[in-house]
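This report refers to the structure that appears directly beneath it.
The values are calculated or read from the model by the stated rules, or taken from the named source; none is laboratory data. Since this is a predicted model, take the numbers as computed values, not measurements. Here Cβ is always computed from backbone atoms with ideal geometry, including for glycine, and neighbour counts include all displayed protein chains.
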Amino acid sequence: MFYDIIAIWQKYNYVFIEGVKWTVILTVITVFFGTILGVLIAFMKMSKVKILNAITALYIEIIRGAPMLLQLYFFWLWLPKAMPFEMSERDCIIVALIINSSAYIAEIIRAGIQAVDKGQTEAAKSLGIRDSYMMRYVILPQAVKNILPAIGNQFIFMLKNTSLASTFFIGELMTSWRTVQTATYKPIPALIIVGIIYVGMTWTLTILLGRFERRLAASD
C-alpha cells in the first residue's frame, strides 16, 4: 500500500495539484460572492419590512434545510434551461455553491451584528446618531470581530464540501481521485493521497484562523 501511494504520487502528482488548484478557486469564489450575497440577505432578514424578513427567512430555511447535493443537482439541471445565455456545468455548480454559502454567511453576519452589546446602540441613539451612521461607525466595527472568524470557519467548511462537485466532474480534488483511480485501478491509495491533501489544507487553515482569532482578541 505504501509503495502504491508513493508510485501514484510520483506519476500523477500533477493531476492532484490541478485538483487542489480548482478546489481552492471554487472555495474562494464561493465564499467571496457568498459573503456579498450573504450581507444583502442578512440586512434584509433584519429589516423592519415584514415581507423582506419573511422572504429571506424562507430562503435561509430552504437552503440550510436541503442537502447540498440536492441543491447542486437542482441548479445543474435548472440553470441551463432558465438562463437566456449558455452556462457550463462548472458555472452552474459555482452558482449553487454561492447560493448555499450565502445562507450560512447571512446567519453568521446577522448573529455577529446582534451579538454587539445593545448598550452601544442605546448610547448612540441617545446621542441622536442616525441608524445608518450607527450601523456603520458603531455596530459594524465591533461586529466584524465576531463575523470574520466565523466566515473563516465557513471557508474551511466549503473547502471540504466542494468535494460534492466531483459528481459533476468539474476538476476539483475528488475529481482528480476519479481520474487517477480510473487510470491505475487502485482507488484506495489514490483516495489516501486525496485525504492527506484535504487534511493538510484544513489543518493549515485551522492554525492560521486560530492565530487570526488570537490577534483579534488581543486587539480588544
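The table for this structure:
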read-out	value
Selection status of L97, part of a helix (DSSP H, G or I), of a type in the set (A, V, I, L, M) and within 25 Å of T167 (Cα to Cα)	yes
Enumeration of residues in region 107-137 that are among the β-branched types (V, I, T) and within 27 Å of the chain's Cα centre (by Cα)	I108, I109, I113, V116
Some residue of region 134-148 being modelled with pLDDT of 90 or more and either surrounded by 18 or more Cβ atoms within 10 Å (Cβ to Cβ) or touching a strand residue (DSSP E or B) at 6+ places or on another chain (Cβ under 8 Å) (or both)	yes
Which numbered condition L70 misses (of (1) at pLDDT 95 or above; (2) surrounded by 14 or more Cβ atoms within 10 Å (Cβ to Cβ))	(2)
Residue within region 39-46 that is buried (at least 17 other Cβ atoms within 10 Å of the Cβ), more than 17 Å from the chain's Cα centre (by Cα) and either more than 30 Å from M135 (Cβ to Cβ) or at pLDDT below 95 (or both) present	yes
Single residue of I8, I51, I25 found to be under 15 Å from S176 (Cβ atoms) and surrounded by fewer than 16 Cβ atoms within 10 Å (Cβ to Cβ)	I25
Candidate set from region 138-170 (those that are farther than 25 Å from V28 by Cβ and among the aliphatic types (A, V, I, L, M)); member that is nearest to the chain's Cα centre (by Cα)	I139
